[in-house]
Amino acid sequence: MAIAVIEFLWGSWRPHYAVLGRVDGVRGYHDVSRYPHARLVPGLALFRWDAPRFFANAEPFQQCVLEAVAKSPSTMRRLVAAAEPVTSVDVTSADMLIELQQALDAAGTELRFAEMKDPVKDKLQRLEVLSRIGSDISQPAVGAAVDAYLEEHGVDWTP
């Protein structure tokens, strides 16, 4: 039992994360480390963190997001965090999201989310995160987030 708890905590503390791209012939957006030929959307980073956000992984999440933005081959205009795997947030991670949004704003990069669960949105509302970072920052799916970015920024890119 103790080993299972330790394994769970370790996996939540340092979960898998990925920058996502479009793979020809495969629906959706996929981890570019597993699909190196995946195409990235110019000026957009799609980032997925495969765990709830809580005190133990708030800082690593922020560091990984900022690293993904820094490594982008083009000037980053927007980062979309694919939030489908996120089942919860705590106060520490809520504070981190505010700090992350401020850091990205300073770099000229917008922060958005895709596939965020309603209970997570509700908690971010209760923790007053959405009033600080914006209440209209989420799309129902990653594809919808990409479409919104392409339209809002006038980027010509065919999925």
### Query
Within the range 100-120, which residues are in a helix (DSSP H, G or I) and exposed (fewer than 14 other Cβ atoms within 10 Å of the Cβ)?
Gln102, Asp105, Ala106, Asp118, Pro119
### Query
What is the residue count in the range 102-128 for residues that are at pLDDT 95 or above and among the β-branched types (Val, Ile, Thr)?
1
### Summary
In the range 121-146, anything assigned to a helix (DSSP H, G or I) and under 16 Å from the mean Cα position of the chain (by Cα) is listed as Lys121, Leu124, Leu130, Ile133, Val142, Gly143, Ala144, Ala145, Val146
#### Entry: Boolean, Val86 is under 24 Å from His16 (Cβ atoms) and assigned to a loop (DSSP other than H, G, I, E, B)
yes
### Query
Among the residues of the range 78-99, how many are open to solvent by 20 Å² or more (accessible area, probe 1.4 Å) and in contact with a Leu (Cβ under 7 Å, 6 or more places away or on another chain)?
1
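Check the range 22-32 and report whether any residue there is in a helix (DSSP H, G or I), among the charged types (D, E, K, R) and either modelled with pLDDT of 85 or more or open to solvent by 20 Å² or more (accessible area, probe 1.4 Å) (or both).
Here is the first cut: in the range 22-32, the residues in a helix (DSSP H, G or I) are none.
No; the residues of the range 22-32 include none that is in a helix (DSSP H, G or I), among the charged types (D, E, K, R) and either modelled with pLDDT of 85 or more or open to solvent by 20 Å² or more (accessible area, probe 1.4 Å) (or both).
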### Task
Please find, among Ala18, Ala68, the residue that is crowded, with 16+ Cβ neighbours inside 10 Å, at pLDDT 90 or above and either assigned to a helix (DSSP H, G or I) or touching a Pro at 6+ places or on another chain (Cβ under 6 Å) (or both).
Ala68
### Summary
Counting only residues in the range 39-58 that are modelled with pLDDT under 90 and charged (D, E, K, R), the one nearest to Ala145 (Cα to Cα) is identified as Asp50
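The values are calculated or read from the model by the stated rules, or taken from the named source; none is laboratory data. The model shown is predicted, which means the values in this text are computed figures rather than measured ones. Counting neighbours? That spans all protein chains shown, and the Cβs are built from the backbone with ideal geometry, glycine included. Protein only, heavy atoms only, side chains kept; ligands, DNA and RNA dropped before computing areas. Shrake-Rupley method; radii C 1.70, N 1.55, O 1.52, S 1.80 Å.
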